[in-house]
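Here the structure comes first, spelled out in structure tokens, and everything after it is commentary.
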Ligand code: GLU
């Protein structure tokens, strides 16, 4: 197989959210799996809605997720390429000028619907001769341009996720590619770029399936073979509704603020709706190794914030120290002792305070705890200290199980539950342990 070249093509008109991260992730994983290239392309031809701050936010979010790009492009800087492609389509008769106003088009649409016919553009503009066109232009009308779909062309494609697909061209109007103000529509600029950057696989959301038939015709009209397509099923929430309405709360920025781990977002989105289990990962490598369109189900995938929070906690539970050293101001022993009790990295602060103090101990049975303090062994302490010390206390006091361990934990940590005491005790150290067992703040 030739080396794949893929692209993630967000419009910088808003923040990245879980839906479009999924497309970015599948592109990135696919490129990495097959030694290919991943291009970040900003579809920013809509000058009103595209904003540099959204671009910066998208870059920051992708970098945070670990999805670096090999090349970054902006459509707004490539207008000369679109002009050239437009002129070629005009010369070959596939792009034709239309002069209807939006009101006239709406009127035609309504009339067709009233007749029970599909509201497909009637190609009236194709029948205008040069004189009629110049008369319209002399009235001040500026044309928009439509791509003439070839109804005899078979545009079936084998979607890598959905299998054989096709769009019935007879039910589609010739798409507008150039607006009356000369600006281009995404479906056209995307094809020009996909050709010029040698995109081998277009991996994107299922909402673009309906564009694909016309786009395949555009590839061919511009003398190129179409790439392979993989349309990812949409994500839905627990009630089966689309996520888009709630994207605000599911933006990557929001998830980051909530303390969700980036690897958890990737682990969940890569596996959701596939035949592989969702499991925490310590790097993107296992996701690279298992990405396979054949394992992606065709049905909408159910996304749940609770599941994401759960995967995020489990990600921390297995995270090696090297992966958090920069973000967590704790040493390795503390990290390994407490990571299994974290929901988010922010919880680390609590356990750091428990170890470093000062904390107010909770005293349940002062006499027993005084006895415990008196039998603390001399340092150095290690992972076996807790066991030998508590075994000695068990035989001296006759206590066992909860009656033995619970008062010790409460006094030493000030909490009912927490990480394994065998790991915590040597980190707390003899001086603080003794004070806490005696009820002193330490
Ligand atoms: N700019 C388009 C979008 O954000 C890209 C679609 C595509 O990948 O072709 O939906």
Is at least one residue of the stretch 164-181 within 16 Å of the ligand (Cβ to nearest atom) and farther than 29 Å from residue 236 by Cβ?
yes
Among the residues in the stretch 173-185, are any under 24 Å from the mean Cα position of the chain (by Cα) and either farther than 29 Å from residue 17 by Cβ or not in a helix (DSSP H, G or I) (or both)?
no
In the stretch 193-204, the residues that are more than 9 Å from the ligand (Cβ to nearest atom) and closer than 20 Å to residue 13 by Cβ
193
Whichever residue in the stretch 352-361 is surrounded by fewer than 19 Cβ atoms within 10 Å (Cβ to Cβ) and at pLDDT below 95 and, among such residues, is nearest to residue 329 (Cα to Cα):
357
Exactly one condition in (1) without any contact (Cβ under 8 Å) to a residue 40 or more places away in the chain; (2) in contact with a helix residue (DSSP H, G or I) (Cβ under 9 Å, 6 or more places away or on another chain); (3) within 22 Å of residue 291 (Cβ to Cβ); (4) away from the ligand (no atom under 14 Å from the Cβ) is false for residue 38; which is it?
(4)
Every residue in the stretch 347-379 that is out of contact with any helix residue (DSSP H, G or I) (no Cβ under 8 Å at 6 or more places or on another chain) and more than 26 Å from residue 324 (Cβ to Cβ), please.
360, 366, 367, 374
Output the residues belonging to the stretch 1-35 that are more than 15 Å from residue 201 (Cβ to Cβ), within 10 Å of the ligand (Cβ to nearest atom) and assigned to a loop (DSSP other than H, G, I, E, B).
10, 11, 12, 13, 14
Among the residues of the stretch 205-220, which ones are in contact (Cβ under 8 Å) with a residue 60 or more places away in the chain, assigned to a helix (DSSP H, G or I) and either surrounded by fewer than 17 Cβ atoms within 10 Å (Cβ to Cβ) or near the ligand (Cβ under 9 Å from one of its atoms) (or both)?
220
Taking into account only those residues within the stretch 299-310 that are at pLDDT below 95 and within 24 Å of residue 32 (Cβ to Cβ), which is farthest from the chain's Cα centre (by Cα)?
301
Within the stretch 288-309, which residues are part of a helix (DSSP H, G or I) and either in contact with a strand residue (DSSP E or B) (Cβ under 9 Å, 6 or more places away or on another chain) or more than 17 Å from residue 276 (Cα to Cα) (or both)?
290, 293, 295, 305, 306, 309
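The values are calculated or read from the model by the stated rules, or taken from the named source; none is laboratory data. Given the structure is predicted, the values throughout are model-derived calculations rather than measurements. All Cβ positions, even for glycine, are placed from backbone atoms using ideal geometry, and neighbour counts span all protein chains on display.
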